[in-house]
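Please treat every number below as a calculation from the coordinates, not as lab data. Quick caveat: nothing in here was measured; it's all calculated off a predicted structure. Glycine gets a Cβ as well: all are built from the backbone with ideal geometry, and neighbour counts include every protein chain shown.
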Amino acid sequence: MSTHRIPVRIYYEDTDFSGNVYHAAYLKFFERGRTELLRDLGVHHVELAEQGVAFAVRSMEIEFLAAARIDDLLTVTTEVADTGGVRLVLDQTILRDDKVITSARVTVVAIKMSGGPARLPAHLRARLVPGA
């Protein structure tokens, strides 16, 4: 699977008192990247919920390399690093002018909405892992 990309514009609401993007806003940008990757693979959160399945972030390691500011146009990239029965490991970056300003390794797990782990949906695994 190739690298998925989406644009993100920085608005006033994303910044803190210093005029830089507030650190927690980057989590929203990464979430949008993961959601749009799934959407492009034909996986929609509403449909998963109807099947009693959701995704939850299990762990996230983030490195902040440079600050983004209001009106910046960023690119969020998402790449599948690994998959398992219930987990999906993603490498994500946020770039400004093709320079990485933030990177993250994110592990998400499929869960039953009633509680406990769930296997990754077969149609998602098939799109992520050829021959799965």
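Things worth noting here:
- About its Cα centre, the dipole of the chain is roughly 480 debye, where the only charges are +1 on Lys and Arg Cβ and -1 on Asp and Glu Cβ.
- Taking amide H positions as modeled 1.01 Å from N, with prolines and chain starts lacking one, the residues under 5 Å from residue 74 and 5 or more places away or on another chain are 8, 9, 10.
- Over the Cα atoms of the chain, the radius of gyration divided by the Kirkwood radius equals 1.00; this is the Rg/Rh ratio.
- Applying the criteria of a DSSP loop state and at most 12 other Cβ atoms within 10 Å to the chymotrypsin sites (Phe, Trp or Tyr not before Pro) of region 1-87 yields 11, 17.
- Helix 23-40 axis, angle to the chain major axis (alpha carbon atoms, nearest 10°): 40
- For the chain, the relative contact order is 28 percent, taking Cα pairs closer than 8 Å that sit 6 or more residues apart in sequence and dividing their mean separation by the residue count.
- Gain in span if fully extended, residue 67 to residue 47, counting 0.36 nm per residue against the direct Cα distance: 3.6 nm
- Multiplying the residue separation of residue 98 and residue 81 by 0.36 nm and removing their Cα-Cα distance gives an extension gain of 4.1 nm.
- Long-range amide H partners of residue 86 with built H, under 5 Å: 120
- FRET E, pair residue 119, residue 89, Förster distance 22 Å, beta-carbon r, rounded to 0.05: 0.90
- Model label sites at residue 31 and residue 11, defined 7 Å from Cα along the beta-carbon direction, differ in position by 1.4 nm.
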